[in-house]
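Take a look at the structure set out below.
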Amino acid sequence: MPQLGLGVYKMTNREETIQAISHALKVGYRAIDTAAIYENEKETGEAIRQSGIPREQLFITSKVWNTDQGYDATLKAFEASLERLGMEYLDLYLTHWPVSDTFVDTYRAIERLYDEKLIRATGVSNHHIHHLKQVFNIANVKPMVNQIELHPRLTQEPLRNFCNEHGIVITSWSPLARGRLMDEPTLMQIGMKYGKTPAQVIIRWHLQHGLVVIPKSVTPSRIESNIDVNDFELTLEDMMKIDCLNLNERTGTNPETYDEA
Ligand code: NDP
């Protein structure tokens, strides 16, 4: 699984979406993170086909939305996603949110898709420790990925430790805290040392923590700079300074209290 990919949430304009994904693929991204609810799976598939990059060189993730959860409904939703993407398989398919009555059955369906080789990896999103434990009770194959909100204002250490103990890869969603940390003094100061932007420093912090990171941008220069992070390395001291920016502050919904509708 590539450690850095493009997130495509809130890309709703057709041309803008195709252009952003095409540009990302041109400058070296090989992973795209979409979801049925983003309503851009069709454009994602189109941009990928236009790129001419062989399917097997790409890592494509999608997610089953809350109203489609449960065993049979998930299998059906997966088929619809595949059709919109125009693909024969996905690399990773996730339960988008742990809908209380159905998320365990949703995961059973994801396991079946894995057994049938329709997905290359299983996973969940927005699962806390108690959700994961419920999934473990029925799982033959533990979720391979948990995609959660994670950035310097929400470092999620207990959940990260739990996932590490169970061999679950974490993908950070809203890794840039939706662009809100671009004038944060510590990040600016660290960036100045390396001639890098706060966004690049944050992305590097995710990578050095072993997290998968999927920053979203429709801006060509940002798409390029967000992947231009392999020519510097944060020191342990830099990493610890960034860890200390944690305020347990979310930019998105808390999985304990979200509206399941
Ligand atoms: P991000 O933290 O990736 O931030 C995106 C915002 O930051 C956009 O407004 C973008 O602007 C801006 N931005 C991007 N790069 C830079 C830069 N270099 N400098 C300054 N600003 C920048 O937020 P997202 O919420 O989009 O999260 C990323 C991905 O995570 C989503 O696209 C989606 O794939 C996934 N996700 C998953 C969720 C889940 O429940 N599983 C929930 C939310 C997100 P612009 O586009 O205008 O350049």
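Read the figures in this text as sums done on the coordinates, not as results from a lab. Remember, it's a predicted structure, so these values are computed and weren't measured experimentally. Note that we place each Cβ from the backbone using ideal geometry, even for glycine, and neighbour counts take in every protein chain shown.
Screening region 210-225 for residues that are closer than 27 Å to Gly167 by Cα and in contact with a helix residue (DSSP H, G or I) (Cβ under 9 Å, 6 or more places away or on another chain) and picking the one that is surrounded by the fewest Cβ atoms within 10 Å (Cβ to Cβ) gives Gly210.
Residues in region 115-132 that are of a type outside the set (S, T, N, Q) and either in contact with a helix residue (DSSP H, G or I) (Cβ under 9 Å, 6 or more places away or on another chain) or surrounded by 19 or more Cβ atoms within 10 Å (Cβ to Cβ) (or both): Leu118, Ile119, Arg120, Ala121, Gly123, Val124, His127, His128, Ile129, His131, Leu132.
Number of residues in region 1-12 that are in contact (Cβ under 8 Å) with a residue 40 or more places away in the chain and in a loop (DSSP other than H, G, I, E, B): the value is 8.
If you take the residues of region 94-105 that are touching a residue at least 40 places away in the same chain (Cβ under 8 Å) and within 13 Å of the ligand (Cβ to nearest atom), which of them is surrounded by the most Cβ atoms within 10 Å (Cβ to Cβ)? Applying the filter and picking the extreme gives Leu94.
Scanning region 209-231 for residues that are more than 15 Å from the ligand (Cβ to nearest atom) and at positive phi turns up at least one hit.
Taken over region 13-41, the criterion of being of a type in the set (D, E, K, R), touching a Ser or Thr at 6+ places or on another chain (Cβ under 9 Å) and either surrounded by fewer than 22 Cβ atoms within 10 Å (Cβ to Cβ) or free of Cβ contacts under 8 Å to residues at least 12 places away in the same chain (or both) is satisfied by Lys26, Glu39.
Would you pick out the residues in region 219-251 that are closer than 14 Å to Val27 by Cβ and of a type outside the set (Ser, Thr, Tyr)?
Within region 219-251, the subset closer than 14 Å to Val27 by Cβ is 219-230.
Of everything in region 219-251, those that are closer than 14 Å to Val27 by Cβ and of a type outside the set (Ser, Thr, Tyr) turn out to be Pro220, Arg222, Ile223, Glu224, Asn226, Ile227, Asp228, Val229, Asn230.
Would you mind listing the strands (runs of 3 or more DSSP E) fully within region 106-207 where at least 1 residues are without any contact (Cβ under 8 Å) to a residue 24 or more places away in the chain and under 16 Å from the mean Cα position of the chain (by Cα)?
Correct list: empty, since no element meets the threshold.
Scanning region 47-66 for residues that are touching a Ser or Thr at 6+ places or on another chain (Cβ under 9 Å) and touching a residue at least 40 places away in the same chain (Cβ under 8 Å), we see that the one that is farthest from Ile170 (Cα to Cα) is Asn66.
Do you know which residues across region 67-93 are in contact (Cβ under 8 Å) with a residue 60 or more places away in the chain, of a type outside the set (D, E, K, R) and either under 22 Å from Ile168 (Cα atoms) or surrounded by 23 or more Cβ atoms within 10 Å (Cβ to Cβ) (or both)?
The initial filter retains those residues of region 67-93 that are in contact (Cβ under 8 Å) with a residue 60 or more places away in the chain, namely 67, 91-92.
After this cut, where a residue has to be of a type outside the set (D, E, K, R) as well, the list is 67, 92.
If the condition is that a residue be in contact (Cβ under 8 Å) with a residue 60 or more places away in the chain, of a type outside the set (D, E, K, R) and either under 22 Å from Ile168 (Cα atoms) or surrounded by 23 or more Cβ atoms within 10 Å (Cβ to Cβ) (or both), then Leu92 is the only one that fits.
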